[in-house]
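Below is one structure, written out as structure tokens, with a few remarks after it.
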Amino acid sequence: MSKSALDLDHPRTHERGDPGGMRERIAHFPTLLQKGWDAAGALRLPASYREATTVLCHGMGGSAIAGDLAADLLRYDSKAPPLTVHRDYGLPAWVDERTLVIASSASGGTEETLSGLPLALERRAKVVALTGGGALAEKATAAGLPVCPVPLSGPPRTLLPYALGALLRLLSGLGMAALDEAGFRAAAQHVAALQKRLDPSIGTAQNSAKALAHAMRGRLPVIYGSHVLAAVGRRWKGQLNENAKSPAFAEELPEAHHNSVVGLGGTHPELQRLFVVLLTPRSAPERLRLRALLTADMLAEQSIPYHSIEPSGGTPLAEVLEATLLGDYVSYYLALLDGQDPTPITAIDRIKARLVK
Ligand code: PA5
């Protein structure tokens, strides 16, 4: 079958193009979210963990992004402490005995994440390991730390909903987030209903993820996220990189109005090849929503194709989940349209293998 004849509405397209079963893993998004919430709820944390006044999520790639999504949600929550995501070796100098450190690695073998653990112990930080096993689970267990088990049911990036559910439950259980069981359940139901509308079995005419993948095809995606959806833009970028094997860029509003827009207004020959996605939460302040409109006007003036997304969830968490799942599906459908198997991440595996040598 030639690429142009690929029909996303035909089951065989998915069977042939997705031998690793990425579509099933994405479909499990709502289930994984709930499982992560429940697993963290079952954890026994030392009472002293309630004394933490700052939170550090330490992880890389697919095991870091839940921290970013949570950080965006907590930033506007008056009950919440500052939450920082650390994507590097070691730990920031400010981490101390009043820091809750979430060491997150699906495989448990990521060297950057492992390098933080002895420092966290030395500084008597309150550590929780969020992992599917490996050296992280071993070392955390040996040190008597709580380990929230991550099911190794797929590549780390497919476990984002599990990690996010777990993280939110941990933070809410420690009194660090206003989110309660009912708020979580309502958002989880919203994303479960959305999954049914974005599923491969739903035809392109009714499926916004398939339609968007078609519109994006052959173009360079740039995702503009704002407010609670800023990090969701980063998730789209990562999923477009890893699933669709496409370069992609993430920007944030209002920051982009202080630099990137100048580049968009220029005459670079590749400008017409961009495809911009604007992720704007309805819960965002009016000024920010106005900025999204101004960006759209500017893109239209430059004849740069764009698509505006305003999730309908009704709460910040529902907005985050909706926009995240949509991006996951868009990256999957784009992979198939481009003849890319969504599951393998050969470049990442090669670098990891070379570092081991
Ligand atoms: O998507 C991926 O597979 C990567 O981004 C990994 O998540 C990243 O390399 C870190 O590995 P782990 O999640 O096992 O710590």
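Figures for the structure shown
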quantity: For the range 47-107 and the range 141-159, distance of Cα centres in Å; calculated: 16 Å
quantity: Accessible surface of the chain [probe 1.4 Å, protein heavy atoms]: carbon and sulfur percent; calculated: 54 percent
quantity: Residues in the range 13-53 reached by a label modelled at D96 [backbone nitrogen below 20 Å; 7 Å Cα→Cβ]; calculated: 48-53
quantity: Positive-end residue of P146, M216, L317, charge dipole of the chain with Cβ unit charges; calculated: P146
quantity: Flagged links, alpha-carbon separation over 27 Å, of K79/K126; K139/K237; K139/K357; K196/K352; K210/K245; K237/K352; calculated: K139/K237; K196/K352
quantity: Length released on extending from A192 to S153, taking residue separation times 0.36 nm less the Cα-Cα span; calculated: 12.1 nm
quantity: Cα long-axis angle, helix 316-337 against the chain (0 to 90 degrees, to the nearest 10); calculated: 60 degrees
quantity: Phi to ³J(HN,Hα) by Karplus 6.51 cos²θ - 1.76 cosθ + 1.60 over the range 156-162, Hz, x for Gly, Pro; calculated: x, 5, 7, 8, 3, x, 4
quantity: Å² per residue, accessible surface of the range 59-205 at 1.4 Å; calculated: 39 Å²
quantity: Extension gain from H258 to E181, taking 0.36 nm per residue of separation minus the Cα-Cα distance; calculated: 23.8 nm
quantity: Whole-Hz couplings from phi, Karplus 6.51/-1.76/1.60, listed for the range 169-179; x for Gly and Pro; calculated: 5, 4, 5, 5, x, 8, x, 9, 8, 6, 4
quantity: On Cα atoms only, tilt of 230-242 relative to the major axis of the chain in degrees; calculated: 70 degrees
quantity: For I223, residues with placed amide H under 5 Å, excluding near neighbours; calculated: F249, A250, E251, V277
quantity: The range 283-326: Rg to Rh, with Rh as the Kirkwood radius over Cα pairs; calculated: 1.05
quantity: Diffusion constant of the range 229-357 at 20 °C, which comes from Stokes-Einstein with the Kirkwood Cα-pair radius and 1.002 mPa s, µm²/s; calculated: 133 µm²/s
quantity: Karplus-derived HN-Hα couplings along the range 264-281 (A = 6.51, B = -1.76, C = 1.60, θ = phi - 60°), whole Hz, x at Gly and Pro; calculated: 5, x, x, 10, 4, x, 7, 3, 5, 8, 6, 9, 9, 10, 9, 9, 10, x
quantity: 0 to 90° range, to nearest 10: angle between helix 29-41 axis and the chain longest Cα axis; calculated: 10 degrees
quantity: Full-stretch length increase - I202, L220 - with 0.36 nm per residue and alpha-carbon distance subtracted; calculated: 3.9 nm
quantity: Rg to Rh quotient for the chain, alpha carbon positions, Kirkwood Rh; calculated: 0.97
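The values are calculated or read from the model by the stated rules, or taken from the named source; none is laboratory data. As the structure is a prediction and not an experimental result, all values here were calculated from the model. Cβ coordinates were reconstructed from backbone atoms using ideal geometry, including for glycine residues, and neighbour counts include every protein chain displayed. Surface accessibility is based on the protein's heavy atoms, side chains included, excluding ligands, DNA and RNA. Shrake-Rupley method; radii C 1.70, N 1.55, O 1.52, S 1.80 Å.
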